[in-house]
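To start, the structure under review is shown below, and the notes come after it.
The values are calculated or read from the model by the stated rules, or taken from the named source; none is laboratory data. Predicted, not measured: the structure shown is a model, and the values here were computed from it. Here Cβ is always computed from backbone atoms with ideal geometry, including for glycine, and neighbour counts include all displayed protein chains.
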Number of protein chains: 2
Amino acid sequence: MQQHLPTIIDIARQLGISKSTVSRALTAHPNVSAKTRQRVLELAEQLDYQRNQLAISLLTNQTRTIGIMVPEFISFFFPKVIIGAQEVLAEAGYNVVICHSNESYETEVENAKALLASRVDGLIVSHTKETRNFDHFRIFQRKGVPVVFFNRVCEDMNVSKVTVNDYDGAFRAIEHLIQTGRRRIAHLAGPDSLPNSRNRLNGYRDALRHYGIAEEPELVISYDLTLEKANIYVNHLLNLPQPPDALFTINDPTAIEALKVIKSRGLRIPDDIAIVGFSNDPISALVEPGITTVSQPVSEIGQQAAALLMEQITDKDNTVPPRTIVLETQLIIRGSTVH
Amino acid sequence: MQQHLPTIIDIARQLGISKSTVSRALTAHPNVSAKTRQRVLELAEQLDYQRNQLAISLLTNQTRTIGIMVPEFISFFFPKVIIGAQEVLAEAGYNVVICHSNESYETEVENAKALLASRVDGLIVSHTKETRNFDHFRIFQRKGVPVVFFNRVCEDMNVSKVTVNDYDGAFRAIEHLIQTGRRRIAHLAGPDSLPNSRNRLNGYRDALRHYGIAEEPELVISYDLTLEKANIYVNHLLNLPQPPDALFTINDPTAIEALKVIKSRGLRIPDDIAIVGFSNDPISALVEPGITTVSQPVSEIGQQAAALLMEQITDKDNTVPPRTIVLETQLIIRGSTVH
DNA sequence: CTGTTAGCGCCTTCAG
DNA sequence: CTGAAGGCGCTAACAG
């Protein structure tokens, strides 16, 4: 049972002074005598006094809290982004509330409402793969609470965003496969609703075209990012009359699932089929062979998102327009494509 | 720039009624006419009205928010625990604030202060490996805010706890190694300050004793859980005049680090040396060979911790004493110990 | 340097 | 069924 917590009034009464003076002493306000401050601080210490942030937030209309919404945080990507963002936000004196939606649109909407009700000062978001309607984020914008998207961004909202050059990353991945002799390159693509999926797919297509390789529709499969489906589609590709000699997957977990399937069928990697993933998940270096992958500057994504958010928050007059930062990727070559 | 958000007063004024009535309509209080409620709800919807949780929390002295503090959340363990806890807490109508300390005691203390200031209704904690002083948690207890520990627990505090049977898990891991013919079994142990490290070490020792194998002091190394040190100590063990024929590590990341070192030296696993980890990190199934490991019911740890916390929070009269739940582990046998 | 007053947004008595 | 008043804990003018 929560007991009565000491307030400035308790301190004031015990010291026979007014609560304003206590408040001033506690907030290091200049207009307090050293002696009074000393007495207040001592008693506060003794009583285990802790300022009530709720009252302050209510009064000042700012919580110094930032909400971070992600679709999941089991894979390494989102936790790393969050840590990067926290570095920057902590520096600026902001706390962080993390919400994950388990890729559920409904949960995402609920989380957004909770964050709005608790009056966060800003929002950093990567939305679920189900999200088509962005009204729950638009409310923030309408209320003057800055929003920054990263990774999965809403193209229709005029807010700051941080992405990576997915197109270029995919292009160079495919280029690498072609240069190492592959010709039937399959692509396990993400949902068409996600801009980063589309960009990677476009990079794939343009690379094939650039090198004069005809795209085979049967080699491009868009799926829902679940490993169950990944498993099914990899098997499907391998069962084709003319199976692919390379596979480019939307992310590393999928690449690893593919690796498992391929190995279980007794095929050799990279001899029979090469694999390229995306994101450089630490796991991709640990499996055998290591997975060639497109690395993203994960922690920098978080830092930049936080920086863009702070830019909007400190911009009291709304003079700084939202910006989009696109970070570059890097191809990490491992044993899944070359010996 | 944050603009003025609509309040019940705005609604009251526009409707020409009092704010009390608006409040009643919004909170589904019985004493409001259906028509009035209807009008209020409509206008609220139209204005995008969102209750100010800060004001409510200040008034009711409860935030319906639970703080979860973990030392890190890059590995799969803590995120999974958090998700498990969230399931239970969401069900009970509680929100969650997640803090990670990066294994830094200082950050942990700061986070605790921030959570106290923001008046969380309860705390779920796994502390850093540096934490020796638990005063920052005792404050919560003293203030009547329930605390539940999991995984890394403070033995001196009389609060609810969730752990696994580390002793038994370790015992059976060593038993398995002995039964598969190993005799020089090394143990890379965690810091002596962590009870779960000590319990695993004791399980290791008792298993050796039980099977009449003398413990070799040179085969037991306590270290700080960093992979750099793990690397050094694995090399050290392999350089011994009589190297071990098995290695039991405090966790799976360490086991995988060991696996890398061992393979890079051209030794065969499990023929030359066997490895057993702890926790059943998904990665341990993906490396080659798969790592034999002691599985913990991760998500259940979170669920139980949340349940114990709710038990304390709902116990208004302080009649329910804190409880400790010890969950059982399971030995998962893979290629790192047997063919 | 200190005290007084007002108010942040809301819920909850207490009167009508 | 509705309105008025009080107060949660704190800060920020405004007076002394």
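A few points about this structure:
- Out of A:A112, A:A173, A:A117, one residue alone is aliphatic (A, V, I, L, M) and in the same structural domain as A:D245 (by TED's automatic domain parsing). It is A:A173.
- Taken as a whole, segment B:175-187 holds no residue that is surrounded by 21 or more Cβ atoms within 10 Å (Cβ to Cβ) and under 23 Å from B:T65 (Cβ atoms).
- Selection of segment A:29-40 for residues being under 43 Å from the mean Cα position of the chain (by Cα) and either within 28 Å of B:V145 (Cα to Cα) or near DNA strand D (Cβ under 8 Å from one of its atoms) (or both) yields only A:H29.
- Residues that are out of contact with any Leu (no Cβ under 9 Å at 6 or more places or on another chain), in a loop (DSSP other than H, G, I, E, B) and surrounded by fewer than 13 Cβ atoms within 10 Å (Cβ to Cβ), drawn from segment A:214-241: A:D224, A:N239, A:P241
- Some residue of segment B:301-320 being polar (S, T, N, Q), touching a strand residue (DSSP E or B) at 6+ places or on another chain (Cβ under 7 Å), within 14 Å of chain A (Cβ to nearest Cβ) and not in a strand (DSSP E or B): yes
- Matching residues, segment B:146-169, being more than 17 Å from B:V320 (Cα to Cα) and not hydrophobic (A, V, I, L, M, F, W, C): B:N151, B:R152, B:E155, B:D156, B:T163, B:N165, B:D166, B:Y167, B:D168, B:G169
- Filtered residues of segment B:62-81 (kept if in contact with a helix residue (DSSP H, G or I) (Cβ under 6 Å, 6 or more places away or on another chain) and either closer than 14 Å to A:C99 by Cα or within 10 Å of chain A (Cβ to nearest Cβ) (or both)): B:T63, B:I66, B:G67, B:I68, B:F73, B:I74, B:K80
- Condition check for B:E87: part of a helix (DSSP H, G or I) and over 25 Å from A:G144 (Cα atoms): yes
- Enumeration of residues in segment A:263-278 that are surrounded by fewer than 22 Cβ atoms within 10 Å (Cβ to Cβ), within 14 Å of another protein chain (Cβ to nearest Cβ) and in contact with a helix residue (DSSP H, G or I) (Cβ under 8 Å, 6 or more places away or on another chain): A:I269
- Of A:L26, A:L47, A:L89, all but one fail to be more than 10 Å from chain B (Cβ to nearest Cβ) and more than 12 Å from DNA strand D (Cβ to nearest atom); the exception is A:L89.
- Unmet criterion (only one of (1) within 16 Å of DNA strand C (Cβ to nearest atom); (2) within 10 Å of the chain's Cα centre (by Cα)) for A:V81: (1)
- The one condition in (1) on the phi < 0 side of the Ramachandran plot; (2) within 11 Å of chain B (Cβ to nearest Cβ); (3) of a type outside the set (S, T, N, Q); (4) crowded, with 17+ Cβ neighbours inside 10 Å that A:G84 fails to fulfil: (2)
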